[in-house]
Structure formats: structure tokens, C-alpha cells
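Written out below as C-alpha cells is the structure these notes cover.
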Amino acid sequence: MSEFQQNREDAVRYHLKKTVVMVGMMGAGKTAVGRALAARLSVPFLDSDAEIEAAANMTVPEIFARDGEPFFRQKEAQVIARLLDEERGVLSTGGGAFLQDENRKMISARGVSLWLNADLDLLWQRVRHKDTRPLLRTADPRATLAEIFAQRAPVYALADVSVRSAPDLSIEAMVDRVIETLALARPDVLEVNHA
């Protein structure tokens with residue numbers, strides 16, 4: 001048991017100094033882990049896709065179908081910039097957001113990018129029964145996912161911090177891993193005080 005898990009029962013205070021931006025593939029757990037992380041740190045959870053959908057009154061797949069990916073990426077960059085400026089918290093982004101060079105620079109300048117690094121098999125187990133992924137609406141969705149993974153993994157590896165995901169880890173165990181990694185690697189982002 002790590003020091004962080006053991007002290008979970010004790011009074012632990014966290015002070016988040018910069019927004020943590022969750023990046024990674026669809027199915028990596030950006031929303032689930034991000035939401036639980038925000039709750040543990042007592043900070044707001046923000047979701048760039050949800051913000052875009054609310055502003056457009058359309059789903060991401062509907063925006064892709066009507067306006068195309070370039071339009072969506074432009075709106076996504078604007079929303080991420082606004083969320084980074086408005087409030088310090090945990091921000092979940094869509095799988096393609098971090099691929100844009102301007103987004104990577106903006107995220108590192110104003111927050112910290114955290115890659116939830118899950119392997120292809122784990123990602124496929126999580127997304128194969130969902131029809132909410134516009135990029136996987138192909139004849140062979142697993143092959144498409146593998147192709148997207150091969151293209152994107154080197155870019156996600158540019159994130160400020162990386163946390164490896166594993167199929168046997170619960171969401172809470174992943175949150176422990178994220179907190180431990182941030183506290184050790186980025187004390188400029190997360191300060192942990194044991195009462």
C-alpha cells in the first residue's frame with residue numbers, strides 16, 4: 001500500500017495550483033477518472049466536449065456530421081482556452097484535442113497535461129459497445145481504433161505527465177496513481193498536506 005492510499009483515511013488536504021488537463025485516447029478514462037480526481041481534490045470537473053455540446057445544442061457526432069472536423073477543432077480550442085482561463089480544476093478533453101499543436105502549447109502554459117496511457121486491448125474493451133464515437137463508425141472499428149492509436153500515442157507521449165492505466169485498476173485506484181504521480185513529479189501543480 002502506498003503512502004497516498006494509507007493516508008486516504010487520514011486528513012489529507014490537496015491544493016491544486018494549476019488545472020490538470022486529462023488527455024488520451026477515447027476509452028482511456030479521461031471523464032471517469034477526471035470526475036473522481038476532481039471530487040477527491042475538491043475542485044470543479046470540466047469537460048470540453050460537454051461544454052461544446054451545450055453551446056451548440058448538438059452532440060459531438062452531430063457537429064462532426066453537420067460542420068466537419070476542422071470546425072469542431074476550432075470550437076474545441078476556443079472552449080479549452082476559456083476553461084483554462086476561467087477556473088482551476090480538472091479538465092477532460094476529447095481524444096483529438098491534444099493533437100493540435102496550439103492546444104498542447106496552451107495547456108502546458110496554463111495548466112498541466114496528464115496522459116492516461118491505456119493500451120489498445122483495454123481501450124477496445126471499453127469502447128467496442130458504444131456508438132457515440134464518430135471516428136469508429138467504420139466497417140472495421142477495431143482496426144480503425146488501432147490505426148488512430150498508432151497515430152496518436154506518440155503525440156500523447158508529449159504530455160507533461162503520463163500515468164499508466166491497467167484493466168485491473170478501479171477508478172479510485174487510478175485516482176490514487178494520478179495523485180501520487182502529480183505530487184511526486186509536479187509539486188508546482190499539486191501540493192499534498194497531511195494534517
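Condition (residue is within 14 Å of GLY27 (Cα to Cα), of a type outside the set (Gly, Ala, Ser), touching a strand residue (DSSP E or B) at 6+ places or on another chain (Cβ under 7 Å) and not in a helix (DSSP H, G or I)) applied to the range 120-133: is it met by at least one residue? Checked the range 120-133: no residue is within 14 Å of GLY27 (Cα to Cα), of a type outside the set (Gly, Ala, Ser), touching a strand residue (DSSP E or B) at 6+ places or on another chain (Cβ under 7 Å) and not in a helix (DSSP H, G or I). Picking from residues in the range 114-157 that are hydroxyl-bearing (Ser, Thr, Tyr) and at pLDDT 75 or above, the one that is nearest to VAL189 (Cα to Cα) is TYR156. Note on the range 16-103: enclosed helices (runs of 4 or more DSSP H) holding 1 or more residues that are touching a strand residue (DSSP E or B) at 6+ places or on another chain (Cβ under 6 Å) and within 28 Å of GLU180 (Cβ to Cβ) are 30-41, 69-86.
A single member of GLU147, GLU87, GLU76 is surrounded by fewer than 20 Cβ atoms within 10 Å (Cβ to Cβ), free of Cβ contacts under 8 Å to residues at least 40 places away in the same chain and charged (D, E, K, R), and it is GLU147. Restricting the first member to the range 58-72 and to residues that are farther than 14 Å from MET26 by Cβ and β-branched (Val, Ile, Thr), and the second to residues that are surrounded by 13 or more Cβ atoms within 10 Å (Cβ to Cβ) and modelled with pLDDT of 90 or more, the beta-carbon pairs closer than 6 Å and six or more apart or on different chains are THR59/GLU53; ILE63/PHE72.
Looking only at the range 20-39, filter to residues that are at pLDDT 95 or above and surrounded by fewer than 23 Cβ atoms within 10 Å (Cβ to Cβ); which one of those is nearest to the chain's Cα centre (by Cα)? Looking at the filtered set, the residue picked out is ARG35. If you check ASP49, ASP121, which single one turns out to be touching a helix residue (DSSP H, G or I) at 6+ places or on another chain (Cβ under 8 Å), acidic (Asp, Glu) and within 23 Å of MET174 (Cα to Cα)? Exactly one of ASP49, ASP121 is touching a helix residue (DSSP H, G or I) at 6+ places or on another chain (Cβ under 8 Å), acidic (Asp, Glu) and within 23 Å of MET174 (Cα to Cα), namely ASP49.
With the condition kept exactly as written, say whether any residue in the range 156-167 is within 24 Å of PHE64 (Cα to Cα) and under 14 Å from the mean Cα position of the chain (by Cα). Yes, that holds for at least one residue.
The values are calculated or read from the model by the stated rules, or taken from the named source; none is laboratory data. These numbers were taken from a predicted model, which means no experiment stands behind them. Counting neighbours? That spans all protein chains shown, and the Cβs are built from the backbone with ideal geometry, glycine included.
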